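Undergrad: Dumping the structure here so I can ask a few things about it.
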Amino acid sequence: MIKYDLTCAHGHAFEGWFASMGDYDDQKESGLLSCPECGSGSVEKAIMAPAVRSSGRRAAIAAAIRSEIAQNCDDVGKNFAQEARAMHEGEKPARGIYGQATARQARDMLADGIPALPLPAALDPKRAKDKLN
C-alpha cells in the first residue's frame, strides 16, 4: 500500500491509499479520483516526505481496518452501485457498505454526487489478513 497526500484544485488536502504507484495514475486517468470535501475531479499528488514503516505495522493496521469494515459494513457485492444510489436517493436507509462497481458505475456515482471511494485490495475484509500484495 502506498499513501499519497493529495490536493484538489480548490486547495483541499486529503490522503489517498493505493495498491501500487501505478494505481494512482490508473484511477486518475479513469476519473475515479475526487476531493472528498468538494467533489473536484482535479486532484494532484502533493509534495510529501516519505514515511518509513515496518511491514508488520502495516499488516496490523490493514488487519484492524479490514476487521472494522467486516464488523460494521455490509458486503453488497456487485450491487454496490445500485445500493449506494438507493441510499443516496433516500430509497433505502443509510448504512456502511462495500462491494464491487465497474469503472463506469464509479464515474456515474461521482458525477451524481454519490459519495464512494475505492477500497484498496489490502483492506478488503475477504482478503487474507496477513497479505498486503
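Undergrad: Okay, helix-only estimate at 222 nm for the chain: each DSSP H run of n ≥ 4 adds -39500 (n - 2.57), divide by all residues, round to 500 deg cm²/dmol; what do you get? Intermediate values should be presented prior to the final figure.
TA: Working: 4 runs with 45 residues, N = 133.
The helix contribution divided over the chain gives -10500 deg cm²/dmol.
Undergrad: Of the GluC sites (Glu not before Pro) in the range 18-106, which ones lie in a loop per DSSP and count no more than 11 other C-beta atoms within 10 Å? Please list the in-between numbers first.
TA: Details: sites: E29, E37, E44, E68, E83, E89, E91; in loops: E37, E89, E91.
In loop regions of the range 18-106 (DSSP not H, G, I, E or B), the sparsely surrounded GluC sites (Glu not before Pro) are E89, E91.
Undergrad: Can you list the aspartates and glutamates whose alpha carbon sits under 17 Å from that of K45, skipping same-chain ones fewer than 8 residues off?
TA: Cross-link targets: D5, E15, D23, D25, D26, E29, E37.
Undergrad: Please report, in debye to the nearest 20, how large the charge dipole of the range 1-52 is about its Cα centre when each Lys and Arg carries +1 at its beta carbon and each Asp and Glu carries -1 there.
TA: Numbers: 3 positive and 8 negative charges, 19 e Å.
In total the dipole reaches around 80 debye.
Undergrad: Just how large is the dipole of the chain about the Cα centre, in debye to the nearest 20, putting +1 at every Lys and Arg Cβ and -1 at every Asp and Glu Cβ?
TA: Details: 17 positive and 18 negative charges, 113 e Å.
Value, rounded to 20: 540 debye.
Undergrad: Run the dipole for the range 54-125 about the Cα centre, Lys and Arg Cβ at +1, Asp and Glu Cβ at -1, nothing else charged, and hand back the magnitude in debye, nearest 20.
TA: Approximately 300 debye in magnitude.
FYI, it's all coordinate maths here, none of it is from the lab. Worth saying up front: this structure is predicted, and the values here are computed from it rather than measured. Don't worry about glycine lacking a Cβ; one is built from the backbone with ideal geometry, like all the others, and counts go over all protein chains shown.
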